[in-house]
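Okay, structure first, notes after.
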Amino acid sequence: MREKLIEKGLLLVALSALGSLLLIALFIFVEGVPLIVKVGIKNFVASTHWAPTKGSFGILPMIIGSVQVTLLALVLGGGLGIAVTMFLAEFAPRWSVAILKPMIELLAGIPSVVYGFIGVMVLVPWIRRSFGGPGFSILAAGIVLGIMILPTVIAISLDALRAVPLSYKEGSLALGATRWQTLYRVMLRAAKSGVIASLILAMGRAIGETMAVIMVAGNALLISASPLAPVRTLTSNIALEMGYAAGDHQKALFATGIVLFVIVALLNTIAILTMRERK
Amino acid sequence: MVEKIVARDLKVMVYKKPILQNINLTVMAQEILAIIGPAHSGKTTFLRSINRLLENQLGFIRSGELLLDNRDVKQWDVDLLRRRVGMIFATPIPLPGTIFDNVAYGPRLKGIRNMHSLAEIVEKSLRAAFLWDEVKDRLFSSALRLSGGQQQRLCIARTLAVEPEVVMMDEPCSGLDPISTAQIEQALRELKANYTFILVTNNVKQAARVSDRTAFFLNGELVEIGPTAQIFTAPKDKRTDDYVSGRIG
Amino acid sequence: MTCRALIIQRLVWFGLALLTFLTLLVLFFIIGYISAKGAPVITPEFLFSLPVRMGKEGGILPTIIVTLYIALLAIVVATPFGVGTAVYLTEYSRESALTRIIRFGADALAGVPSIIFGLFGFILFVIRLKMGWSILAGGLTLAMMVLPTIIRTSEEAIRAIPYQFREVSYSLGGTKSQTVWRVVLPNALPGILTGVILSLGRSVAETAAVIFTAGSTLRLPRTILDPGRTMAVHFYILAREGLSMERAYGTAFLLIIVILLINAFSYLLMFRLTRRLK
């Protein structure tokens, strides 16, 4: 009898994570959807005019900004991450991996504000000196975010590579291929879905990152193709204006949150499905 | 003599594969019943049906009757059943912790918390398992430091601490040295007066040494059961004869 | 193997090693830079006195206290739920649609951006539940953020316990809840603690979710219903407003030290854990 109660109780507890997720979605949507309805979804998502005090709520510049910063981060961080993963999986001496992995995980523990700060103090001036422009730019944000997503890419890709059956590797080596050829032609191909999943998850992290991006991206409300241009991302928009927004303005920020939530949820679902598919 | 455990037409299937077929067998109180037979004869499954550990495995179906003290095991409260029928596994499994904690585990489950009572029970059980003298000075050291034979006797003490009426042993001496084996067999003989033992063993000679009656299982069937002396000298079934004389196995 | 292939492999080896080295360089640079500029600032006065003139002068004591409260609150709330979920998933259920949904919830929650947590915490705890900006609101929000981590690590730790231990308990008449409480959880404790400690580290580092729920006042809090500024938020404000670069570095240094210690401690635990099970 008591056992049954405990079991039911634990079931309720187990639903807490799901419940939290639903609550979050609920409250964000409840605050934001009325505004999207009021302003019209085209005017919200496709308009470049963001003047909240005057009633204009176009978030297109922020969407584009987020995309630009994230893509750059993915190229830089993803590329570097995969390179490091390959090194750790195949070429690094066994004993060093036990030291290197924790160090890389340490990168994940550093607060995002510290990354942003170092970006401001070191990276931004360097960009300004070397390439011109204000320094606060897509490039700066892309580099900082790229470093921040490294641990995610490395951890998941490494798992994926390690999960490749040993027989693949041994078969290739037995045929006379070098370790690199084996890695490149056989193992990466086999681990492809895991690596892609890691990139997609990293993309989700990058799009969701706020503090570091605020500090180095410039936060200008413009659209530009130049990597040296300052931009504002969806997350920066929310964080910057939430402090003093009220009424419709505040609701617009929640609506921005909805867009962000949906994008990240989609990315994560795709990533999870990609990872499941290989099993 | 009292009938302690009765199996009537007991059948067990796991994922539709038959493991035990038509087992008809009675275990008498205060006897040592040995169950012998080659691997995969269903001996372990039979034990696990009695204390219902089988229910934790997926896909099993049990039919027929299996009675403890004239009540089907399914109708017993499962925790009470398992205290009435204790089990010793083939590999000694001491729980991480001290020797004292291991033996006191069962009583603590029942709600006994008084250190004095627990200490009494621990000493009584360790004495019954012939382990007291060897560990009485280090009751509070880790149980994992004991040797294999000592660990198995610890498991016996642990089981005795909950005061069962039946003790089932699933190849308890496999992997133990001859001295430990002898000690455990000696314990069986001394404890027989107060308990009923079911001893599953791969070691035919052990069955001959220790048990009162012996049952021979083959491929999920009970081939023959009878007084140990008779099974070993004049078995009624040819298969039994082949097994005990080592022609098959 | 051709000569050419071997040469390519050598080159690749060097290239990858270089990139890995570069990555580590970044890590060391960050830690070194902050340490060099921040360590000198750490004096007992800095740690134990109150800030003066919005942080331009004085110390950071309130932020240390607020950080401690919020992080502790977060793990005190999240751990029972996280461990309970892990116990349910491993001991009380078989893989089914329900367990898949539960796991999906945990995975999805793990992916939610921190700013969204901030928005959510703001609208639910601060506004609707009328907690106002408070350590309580911040702690509860952070609890939801770290819940998936605790679920994941606890589940791993519990699954690592050999099934035989459970069987021994059952065969002695133990019920499922007794078995979990007396055998499984005590032996899974190091693994569970690792997850808890990692969550502690995350709570300390978090900014976006905290700034909108716990506020940014520099006053010493008296209860958890008071607002407060964590070290991470303080660092952000100092840096952004340019109030005191010196103190910003000092705060950042303290943050990194705390996180380094937390990480090191969790590794120690993991090491002890793997040794124990061998």
Positive-end residue of B:Ser147, B:Val167, B:Gly246, charge dipole of the range B:144-247 with Cβ unit charges: B:Ser147
Principal-axis tilt of helix A:2-14 within chain A, Cα atoms, nearest 10 degrees: 70 degrees
Calculated [θ] (222 nm, deg cm²/dmol) that DSSP helices of n ≥ 4 give over the protein assembly as shown, each run adding -39,500 (n - 2.57): -19000 deg cm²/dmol
Orientation-averaged projected area, Cα convex hull of chain B (nm²): 13.4 nm²
DSSP-defined beta bridges in the protein assembly as shown - what % are antiparallel, rounded to 5: 60 percent
Spatially proximal aspartates and glutamates relative to C:Lys37 (Cα-Cα < 19 Å; intrachain offsets below 8 disregarded): C:Glu45, C:Glu57, C:Glu241, C:Glu246
With eigenvalues of the C-alpha gyration tensor scaled by 5 and rooted, the range C:64-233, Å: 35, 16, 12
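Let me check against my output: what whole-number percent is the relative contact order of the range A:135-279, with C-alpha pairs under 8 Å and at least 6 apart? If you can, show how the numbers build up before the last one.
Values: 158 pairs, mean separation 47.3, N = 145.
With pairs under 8 Å counted, the relative contact order is 33 percent.
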Residues in the range B:196-224 that a label on B:Asn24 would reach, taking backbone N under 12 Å of a point 7 Å out along Cα→Cβ: B:222
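Just need the relative contact order of the range C:64-233 here, percent rounded to a whole number, with Cα pairs under 8 Å and 6+ apart.
Numbers: 252 pairs, mean separation 63.4, N = 170.
Reported relative contact order: 37 percent.
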Karplus 3J(HN,Hα) series, Hz, for the range A:133-147 with 6.51 cos²θ - 1.76 cosθ + 1.60 (x for Gly, Pro): x, x, x, 6, 7, 4, 4, 4, 5, x, 5, 4, 5, x, 5
Residue among C:Ile75, C:Ile224, C:Ile161 with the largest mean-square fluctuation in a Gaussian network model of chain C, springs linking Cα atoms under 10 Å: C:Ile161
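Indicate, rounded to the nearest 5 percent, the antiparallel portion of the DSSP beta bridges found entirely in chain B.
Roughly 60 percent of the beta bridges in chain B run antiparallel, per DSSP.
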Gaussian network model of chain C, Cα within-10 Å springs - most flexible of C:Leu261, C:Leu18, C:Leu109: C:Leu18
A:Leu166 paired with B:Lys124, simple spin-label distance in nm, labels 7 Å along Cα-to-beta-carbon: 5.3 nm
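Calculate the tail of P(r) for the range C:140-273: the fraction of all Cα-Cα distances greater than 26 Å, expressed in %. Working shown, then result.
On the way: 3765 of 8911 pairs.
Tail fraction, whole percent: 42.
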Distant-in-sequence amide H partners of A:Ile110 (H built 1.01 Å from N, under 5 Å): none
Anchor C:Lys130: aspartates and glutamates whose Cα lies under 16 Å away (excluding residues fewer than 8 positions away in-chain): C:Asp226
All Cα pairs of chain A, percent lying beyond 30 Å: 43 percent
Cα-based helix-to-principal-axis angle, B:115-128 vs chain B, degrees rounded to 10: 50 degrees
Cα-based helix-to-principal-axis angle, B:99-110 vs chain B, degrees rounded to 10: 70 degrees
Accessible surface, chain A, averaged per residue in Å² (probe 1.4 Å): 43 Å²
Residue with peak Gaussian network fluctuation, chain B [Cα springs, cutoff 10 Å], from B:Phe140, B:Phe130, B:Phe217: B:Phe140
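Are there any GluC sites (Glu not before Pro) in the range C:1-99 that are in a DSSP loop and have at most 11 other Cβ atoms within 10 Å? List them by number. Display every interim value, and only then the final one.
Values: sites: C:Glu45, C:Glu57, C:Glu91, C:Glu95; in loops: C:Glu95.
Here the GluC sites (Glu not before Pro) that fit, given the DSSP loop and packing criteria, are C:Glu95.
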Dmax and Rg, reported as Rg then Dmax, of the protein assembly as shown (C-alpha, Å): 33.0, 105
Restraint check, A:Lys8/B:Lys4; B:Lys4/B:Lys43; B:Lys4/B:Lys74; B:Lys4/B:Lys192, Cα-Cα greater than 25 Å: A:Lys8/B:Lys4
Mean Cα-pair separation over length for chain A, i.e. relative contact order, pairs under 8 Å, 6 or more apart, %: 27 percent
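Could you give the accessible area per residue of chain C, probe 1.4 Å, as a whole number in Å²? Can you show the working numbers first?
Values: 12080 Å² over 278 residues.
Dividing the accessible area of chain C by its residue count gives 43 Å².
The values are calculated or read from the model by the stated rules, or taken from the named source; none is laboratory data. Here the structure is a predicted model, which means the values were calculated and not measured. FYI the Cβ positions are ideal-geometry reconstructions off the backbone, even for glycines, and counts take in every protein chain you see. Keep in mind that these areas ignore ligands, DNA and RNA; they rest on the heavy atoms of the full protein, side chains included. Shrake-Rupley method; radii C 1.70, N 1.55, O 1.52, S 1.80 Å.
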